[in-house]
1. Working only within segment 340-359, note down all residues that are open to solvent by 30 Å² or more (accessible area, probe 1.4 Å) and in contact (Cβ under 8 Å) with a residue 24 or more places away in the chain.
2. From the residues in segment 44-94 that are in contact with an Asp or Glu (Cβ under 6 Å, 6 or more places away or on another chain), in a loop (DSSP other than H, G, I, E, B) and of a type in the set (A, V, I, L, M), which one is farthest from LYS22 (Cα to Cα)?
3. For residues that are assigned to a loop (DSSP other than H, G, I, E, B) and touching a Cys at 6+ places or on another chain (Cβ under 8 Å), scanning just segment 249-299, find the one that is modelled with the highest pLDDT.
4. Need the failing condition index for TYR389 against (1) in a loop (DSSP other than H, G, I, E, B); (2) open to solvent by 100 Å² or more (accessible area, probe 1.4 Å); (3) not charged (D, E, K, R), just the number.
5. Which pairs do you get when a residue that is of a type in the set (Lys, Arg), found in segment 42-57, comes within reach of a residue that is open to solvent by 40 Å² or more (accessible area, probe 1.4 Å), reach meaning Cβ atoms under 8 angstrom, with the pair 6+ apart or on two chains?
6. Can you name the residue in segment 310-339 that is modelled with pLDDT under 90 and among the acidic types (Asp, Glu) and is also most open to solvent (accessible area, probe 1.4 Å) among such residues?
7. How about segment 80-97: which of its residues are farther than 17 Å from PRO57 by Cα and open to solvent by 40 Å² or more (accessible area, probe 1.4 Å)?
8. Kindly list the number of the only condition in (1) open to solvent by 30 Å² or more (accessible area, probe 1.4 Å); (2) in a strand (DSSP E or B); (3) β-branched (Val, Ile, Thr) that fails for VAL105.
Amino acid sequence: MGNTEEVRDKVVLVGLNSPVLKKEENADEGTMEELSALVETAGAETVGMVLQNRPSPDPRTFIGEGKTEEIRDFCRNSGATMVIFDNDLSPSQMRVLTEALGVQVLDRCGLILDIFAQRAKTKEGRLQVELAQYQYLLPRLTGMWTHLERQAGTSGKGPIGSKGPGETQLETDRRHIHRKIDKLRQDLEDVRRVRGTQRERRRKNEIPVVAIVGYTNAGKSTLLNQLTGAGIPANNRLFDTLDTTTRLLTVSDTLDVVISDTVGFIRKLPHQLVEAFKATLEELEYADLLLHVIDVSNPEWKLQAQVVENLILELGAGDMPRIDVYNKSDLVPAGEILPHGEDICTISARTGQGVETLLEMIDRRLDKGTRRCVIHLPYDKGGLLDMLYREAKVERVEYGETIDVTAVCNPRVLGQVAPFLAEQAQT
C-alpha cells in the first residue's frame, strides 16, 4: 500500500462540441480520451465524462444552466472534487462555474500548466513554466478570490471612506505579477544568451545539431536513450520529459552530432507555453536536421503529426531538413502497410529495430564532404596547425620528420592542406 501513488483528486471531464467553435477548439471523443490521460499524468482519477453538443456556447456557463445542474448533481453523487473542461474557458465562465458546481474548475490549459509545473526539474524548465503560469493567471485574477476586490490604503470607514487614494488588492496583485513576469522574461533572456553562445561554439567547431521533435509520448526520450545511452526516464505517459537533454552522438567515423530532444507537443497546447518555451524550442530554428518522431501505433497518428507540423511552422522551422521517424512499428499489426519514402524511416526505439538505418540516413543528410585524413606538415608550415585546431577535429598530433596530424576535416580545410595530405589518407 505504501508505494501506491496517492490519488489527488476525483475529476469529472466536460467537453463541448459546437459548430461555431473552430475545429481545433471543439471537444470530441479523441480529445476527451487524451484529457483523461492528462488527468492520470497529473495524478488524479477520472470518475465521469460529459460530452455535450450545443449550437453555441452559453456566454455565462459555457454549457448552459441545465447541464451545469446535472454536472453539479453528478459531482455530489460521485464524490468528485474537480471539474476539468476540454475547451478553454473565459475567466468569468470559470468563476461562475466554480460557484455553481461547488468544486474547483479548471480548463485543459490550466491542467497542462499544472502537469508542466510538476514535471519541470531544471532551473530553465521551472522558469519557463512559471512564466506561462503567471501569463495564464493574470486575466483570471478578478473574482478568483473575493479579497482581491477590497480597497487598500483607505480610512477603512466602508463605502464612503473607500473612495480614498488607495488601490484595490487586485491592482496590487496585478502589479506584483507584472513585475514577476518581467523578471522571468529577463532570466529567460539570459538563458537564450547562454544557448546562443553554446550554438556559436558548436558552429565554430562545425558540429551539426539534430533536434528530436514529436507529439507527447511518441517515444522521443526512448529514441535518445537508444542512440546515446542518455538514461532519461522514459515512461508511457504524457509529458514525462520536459527538460531538454542534449548529448553528443557519433553517427559514423567522420560525423559527430549534438542531438537534443524537445518538449512534446499536444493538441490545444496553451499558447502561453509555446511562448514561454521558445528559449528551448528555438533550438529547432538553429538545428541542421529535425527528426520528427511519430507514434505510428496510435490510431490518430496522422492528426498528431499535423499538430507537430503546425507548431514547427509557427516556430519558423518549416524549411528545415527533416526525417520523419515512424516509431513503435513493433506494435503495428502484421501486414499493415507503413509509410515509406526517401526521408522516412520506420523504427522501434524500444527494441532498436531500424535504428542503424536511421543513423545511415542522418549521415547521408549531414555529410558535407567531411573526411578523416593524415596530414604531414613541414615544420615551416606549423602555423597551419593552429588553423586545424580551430577549424577541424584534431584527433592526434605526432612530431617526427614532419608534424603528422590525424584530423577530421571539412572540404574547405582539406583544400588548404591539400599539398600535405598523406597518400594513405582515408577518403
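The values are calculated or read from the model by the stated rules, or taken from the named source; none is laboratory data. Note that the structure is predicted; figures quoted are calculated from it, not measured. Here the Cβ positions follow ideal geometry from the backbone for every residue, glycine too, while neighbour counts run over all protein chains shown. Ligands, DNA and RNA are stripped out before the accessible areas are found, and what is left, the full protein with its side chains, is counted by its heavy atoms. Shrake-Rupley method; radii C 1.70, N 1.55, O 1.52, S 1.80 Å.
1. THR346, ARG350, GLN353
2. For segment 44-94, the residue satisfying everything is ALA44.
3. LYS268
4. Among (1) in a loop (DSSP other than H, G, I, E, B); (2) open to solvent by 100 Å² or more (accessible area, probe 1.4 Å); (3) not charged (D, E, K, R), the lone unmet condition for TYR389 is (1).
5. ARG54/ASN17
6. ASP319
7. Listed by number, the list holds a single entry, THR81.
8. For VAL105, the failing item is (1).
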